[in-house]
1. What number of residues within segment A:223-254 satisfy the criterion of being closer than 27 Å to A:Cys65 by Cα and free of Cβ contacts under 8 Å to residues at least 24 places away in the same chain?
2. Being closer than 17 Å to A:Pro39 by Cβ, not in a helix (DSSP H, G or I) and not β-branched (Val, Ile, Thr) is the filter here, so list the residues in segment A:117-149 that pass it.
3. Quick one: how many residues across segment B:343-362 are loosely packed, with under 15 Cβ neighbours inside 10 Å and away from every other protein chain (no Cβ under 14 Å)?
4. Kindly provide the set of residues from segment B:162-179 that are within 14 Å of chain A (Cβ to nearest Cβ) and crowded, with 21+ Cβ neighbours inside 10 Å, ordered by number.
5. Name the residues in segment A:117-144 that are farther than 25 Å from A:Val28 by Cβ, crowded, with 23+ Cβ neighbours inside 10 Å and not small (Gly, Ala, Ser), would you?
6. Check segment B:207-218 and report whether any residue there is surrounded by fewer than 23 Cβ atoms within 10 Å (Cβ to Cβ), in a strand (DSSP E or B) and away from chain A (no Cβ under 14 Å).
7. Restricting attention to segment A:231-244, does a residue exist that is under 38 Å from the mean Cα position of the chain (by Cα) and away from chain B (no Cβ under 14 Å)?
8. Tell me whether segment B:297-319 contains one or more residues that are modelled with pLDDT of 90 or more and closer than 30 Å to B:Glu135 by Cβ.
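The values are calculated or read from the model by the stated rules, or taken from the named source; none is laboratory data. Here the structure is a predicted model, which is why all the values come from computation and not from measurement. Quick reminder, even Gly has a Cβ in these numbers, built from the backbone with ideal geometry, and neighbours come from all protein chains shown.
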Amino acid sequence: MSGRVLVGVKRVIDYAVKIRVKPDKSSVVTDGVKHSMNPFCEIAVEEAVKMKEKKLIKEVVAVSCGPQQAQETIRTALAMGADRGIHVEVTGKDYETLGPLQISKIMAALAKKEEAQLIILGKQAIDDDCNQTGQMTAALLDWPQGTFASEVSLEGDKIKVVREVDGGLETIKINIPAVITADLRLNTPRYATLPNIMKAKKKKIANMKPADLGVDITSRLEVLRVDEPPQRQAGVKVETVEDLVSKLKEAGLV
Amino acid sequence: MLLGLTPSRRLLSHRHCLLQCRSIKSENTARSTTLDSVLSAFRSICGEDGVSLGEAVRQQHGKDESVHRCCPPDVVVFPRCVEEVSALAKVCNNHRLPIIPFGTGTGLEGGVSAVTGGVCFSLRNMDQVLDVHQEDFDVTVEPGVTRKALNAYLRDTGLWFPVDPGADASLCGMAATSASGTNAVRYGTMRENVLNLEVVLADGNIIHTAGKGRLHRKWSYLSFLSVSIFRKTSAGYNLTNLFVGSEGTLGIITKTTLRLYGIPEAVVSAVCSFPSVQAAVDSTVQILQAGVPIARIEFLDDVMIDACNRFSSLSYPVTPTLFLEFHGSERSLEEQVQTAEDITQSNGGSDFQWARDAETRNRLWKARHDAWYAALALRPGCKAYSTDVCVPLSRLPQIIVETKEDLIKNRLTGPIAGHVGDGNFHCLMVVDPNDPEEQRGVHLFTERLARRALAMDGTCTGEHGVGLGKRALLCEEMGPMAVGVMQRLKDTLDPKNLMNPGKVLQPREL
């Protein structure tokens, strides 16, 4: 047992930013816009660091795929308590088409290379809302998965995961190694404090490219168009119930 | 201190305010012709969407979270940048229209009531965080940025802005009212933490109170010299602190540069019960004297504790209680907590409990967090109003004891919560909004309380500001000479009395 946990962290547009679509409708505006770690990835990092503090695991490795700026996100994970980072460099057009399938291939390759016993990811990213990477990674590795986790406890060579599902909560027990994806109520991520940010600067971040891991990142998807949600129209006031019913009928709603 | 305040309808009959609101109708006919001619000017500055005459919008911008009734402005404008604010101010100046700046409407003293009508400048669209300087520990924000939004923005940097008045208020608004909060005992109030302001004056001119961009890069080398970063300058009159607390009567704040602090490495919270108010305050004084850099020290009296026990099904001993919070590194926290515990024990304190992890800390402080709602729950169907006075620490036990006697004698419900480290406390007056007798009683009580505080060399408003309701008390506190200087400053900066008329200083005619 390596006692090593891989945590995937994604750099996304900050949740508080008002998103704008580019005039050519090809994508959203990212230049000069504040970016930060995906909130679900923060929860994943927090869970891994908590496990290390409880001495249940030995090492937390933060992984991010993207251009140079992805290193900032890894540094934040290091400031929260991860031990070292791995930056898989992907730039330009390749970065624009980078999606769950490519990431899960990279994570699977890294898991084998690092002999990880656990992979913790956020359940989804707030920019694409795919909710696929964790599941695909588990499939590629043929590992069990505990997704939408609101509670995780290590019990010997198994993990008990309480999952948030539509009908309520589902508790499962899966073998290690496994993939967990973090849901909102799993924990409250800590803030990075200045002394920890200072310490994080000294922690190592390894650089590599997808080709170094034998991963092909070509995408089979093409984004055709990005649109904003339709503008909200002004409402209409009606005076009587008859008016209301006739308007609803006109609109084909009754 | 603001604990999820719910607005109250016309709790206190402020005759001034009522009279002035009624006189809007007669003034308005004369003004409506002026208004039409300026509306097109406003629209050309802010765009069609940036000007609103809608009744709902005006009502929303004519009240805050105080008990003062809503006095809506004649029009609300939504500028998007300081140049638009300046242009709008010039138009208002030329046509003699009152200007009322509006941030988040979370004030507690009626500061945004348009008592003589006019133009409300709603600044919420100016919502950028500019210039975060991590190594200099400062940041500049526009009026639409609230306290929580800034701290969320800064979370990756290891820095935060600790002034916490309770509400999620606009930071520029907090500068305008010189807000404070539960952390003031360690981190100070807005007065100590505003480094620079960009202000639009009544004539539309834009100034930077400490010089444009000045306090940023020039002093960064100082950060190597001292652990506590502080900005130094001996250049000229202190304009920054003239505008802090001016409540919109001297100019419109369009940017504020704030001092930031490192997020504490660790936090410990503690609770301790005392046999008397004196014992609790003595402990506070001694903890401060011992040099413990305590972050929060809050006092709840026995009535409040009883209310909290009932509301949250807790079982605190029903006596004066202190809630403490310590910030620091793991090792320094051990020392701080130990020192505090020893002191409380020597003053007869009992049931000292403390906690490190977030869940237990929240449970320990639950009473303090729920205090507002617990007070309201004492009398369902009633509204609550928070008083706000501040006295030197040495007089705090006396004023609290006398205030409690006053409450009992006049049969008023007023549990007490206070930022005891600053000598500041609030009575949460729970009143029936449909009982004018009771409302009058509360009004008189509040005036007695303020005068009691003044008699003890205190102030009639610790954190909430003067606004509409405390103008007379301000005169009593400052004396006619000082108020005279204030009036002359006001006349110089705003000769036509257009900037938020009717606030802070009393109208001349009366």
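1. Of the residues in segment A:223-254, 1 are closer than 27 Å to A:Cys65 by Cα and free of Cβ contacts under 8 Å to residues at least 24 places away in the same chain.
2. A:Leu121, A:Gly122, A:Lys123, A:Gln124, A:Ala125, A:Asp127, A:Asp128, A:Asp129, A:Cys130, A:Asn131, A:Phe148, A:Ala149
3. Count: 5.
4. B:Pro162
5. Within segment A:117-144, A:Leu118, A:Ile119, A:Ile120, A:Thr137 meet the criteria.
6. yes
7. Scanning segment A:231-244 turns up at least one residue that is under 38 Å from the mean Cα position of the chain (by Cα) and away from chain B (no Cβ under 14 Å).
8. no
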